[in-house]
Amino acid sequence: MSSTRLAILSPAARGPMSLPASMGQLVAEVESHQEVWGCWLQSWDMPVTAGEIAPFLDELSRQALHQEREVIWAPMSSADSAVRLVLHGTAQPEALRRALTTLHLQNFMPGRVLHCQDNDLALILHGPRGPLSAVNHRLIEALEGIALDVAVSPLWDKGHFRLLLTDMDSTLISIECIDELAEHLGLRRQVAAITERSMAGELDFQTSLRERVRLLAGTPASSIDTIIRERLRLNPGARELVAAAKSQGVEVGVVSGGFTQFTRHLQEALDLDYAFANTLEIIQGQITGQVLGDIVDAAAKADILDLLAIGLGTDASHCIALGDGANDLPMIRKAGIGIAYHAKAAVRAQADFQIRYGGLDTAAAYLGWNTARASHFGQHCDT
């Protein structure tokens, strides 16, 4: 059966807008009537076609224009689906306005508010079925210049995801461990030169890593403990993301092209289920300059995701991958959901979701894990 969804977005100071009495009689369901992010959001579902109420809609739009309000509507059908819109960052009315306007152009209409607390806003959207990648890229373009994160995501059932696998350097933590170790030892210039050759395509990751590690030969292994103690810091939201994942029954692991000494520390600090990295050879308390065993590179990261999924009785489509660099791309592409965290443009372009401004807890918002913990919200959302 065809219906029409109608929404009005008003400045908070103006309050909600009343529908004409003749239209009010047609309302099947009031989905939103709530102050959010400095706006009044009202939305309705009406069991009539837009053509049947066109004169009322035109008049409502004229009135709204003079009152600095926005009125949008779109036809709906039984084939349409419900998804989630997430805005994560400092509450800004302009961000909400741009997001809803952009989504309306793609035939998505706002429904009820799922979550509105502090810097998180999540709404139900009603619109066409299909992949959401293009929707998300248009949404990010529309909000360019506004420092907050945004995504449209499916409404997954609890238990859909079984594994969250994250990169370490510049993702789970704020540093690049080998660079910090090199600086501590006075080797930053030499290590940077090798890294530059790798980025220029002269060296693959494995060769680049082995060359950099060779520079560390003869240095005390205690230098690693110093870096962990003095320089290693979790990125914002890391603990919150891990806690949210575990509350959903999702296992969490870190996989890194760095070194096991750092990943083991993180495994203990965050109570992670898995930790994978490269093993530095250490003899008599000194780094020998050799890496033991196979290198954890881009392909290995994707293979590890596959193997962990099989061990959990599922496949990669029920896994989430988080990363920031090119060596994370294979696992980001393989996972059911790939998230780019403060990443290069090439990584952002291939990820399902992007975190450009906020912390790692933004991923929990995209996945609906904070919404799941919020059981009730009143009609007013303070920001």
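Any chance you could tell me what percent of the C-alpha pair distances in the stretch 1-143 go past 26 Å?
On the way: 2011 of 10153 pairs.
For the stretch 1-143, the fraction of Cα-Cα distances above 26 Å is 20 percent.
In Å², and per residue, what accessible area does the stretch 209-321 have when probed at 1.4 Å with the other protein chains present?
Working: 4850 Å² over 113 residues.
Averaged over the residues of the stretch 209-321, the accessible area is 43 Å².
Excluding residues on the same chain fewer than 8 positions from LYS246, give the lysines whose Cα lies under 26 Å from its Cα.
Those lysines meeting the cut-off are LYS158, LYS301, LYS334.
In whole Å, largest first, what are the principal axis extents of the Cα atoms in the chain?
Principal extents (largest minus smallest coordinate, Cα): 85, 41, 38 Å.
Subtracting the Cα-Cα distance from 0.36 nm times the residue separation, let me have the gained length for ARG189 to ALA21 in nm, one decimal.
53.1 nm
If you count only protein heavy atoms with a 1.4 Å probe, what accessible area per residue comes out for the stretch 1-72, rounded to a whole Å²? Don't skip to the end; give the middle numbers.
Details: 3370 Å² over 72 residues.
Roughly 47 Å² per residue, with all protein chains present.
Please list 179-185, 327-333 highest first by mean number of surrounding beta-carbon atoms within 10 Å per residue.
Going from most to least packed, we get 327-333, 179-185.
Amide H of MET76: which non-local residues (sequence gap of 5 or more, or other chain) have their own amide H closer than 5 Å, using H built in the peptide plane?
Result for MET76 returns SER3, THR4, ARG5.
How big is D for the stretch 243-296, in µm² s⁻¹ as a whole number, if Stokes-Einstein is applied with the Kirkwood radius of its Cα pairs at 25 °C and 0.890 mPa s?
The calculation lands on 199 µm²/s.
Enumerate the whole-percent occupancy of each 5 Å bin, from 0 to the last occupied one, for all C-alpha pair distances of the stretch 169-253.
3, 13, 19, 18, 16, 12, 10, 7, 2, 0
Share of the chain's accessible area from carbon and sulfur, percent, 1.4 Å?
Values: 8250 of 16700 Å².
Its accessible area is 49 percent carbon and sulfur atoms.
Rounded to the nearest 500 deg cm²/dmol, what is the calculated helix-only ellipticity per residue at 222 nm for the chain, with -39500 (n - 2.57) per DSSP H run of length n ≥ 4?
When only DSSP H runs of four or more count, the value is -10000 deg cm²/dmol.
Using a 1.4 angstrom probe, figure out how much accessible area the stretch 98-205 has per residue, in square angstrom, rounded to the nearest whole.
I get 45 Å² per residue for this part.
Would you mind computing Rg(Cα) / (2.2 N^0.38 Å) for the stretch 55-135, counting N as its residues? Mind dumping the intermediate values first?
On the way: Rg = 13.9 Å, N = 81, 2.2 N^0.38 = 11.7 Å.
Compared with the compact-globule rule of thumb, the stretch 55-135 sits at 1.19.
Between the helical axis of 238-247 and the dominant principal axis of the chain, each derived from Cα atoms, what acute angle in degrees is found, rounded to the nearest 10?
Tilt of helix 238-247: around 70 degrees.
Rounded, prolate or oblate, given the Cα gyration tensor of the stretch 199-345, with a/c below 1.5 counting as rounded?
The shape class here is prolate.
The values are calculated or read from the model by the stated rules, or taken from the named source; none is laboratory data. As the structure is a prediction and not an experimental result, all values here were calculated from the model. When we count neighbours, we look across all protein chains shown, and the Cβ atoms used for this are built from the backbone with ideal geometry, even at glycine. When the accessible area is computed, the model is the full protein with side chains, heavy atoms only, and any ligands, DNA or RNA have been set aside. Shrake-Rupley method; radii C 1.70, N 1.55, O 1.52, S 1.80 Å.
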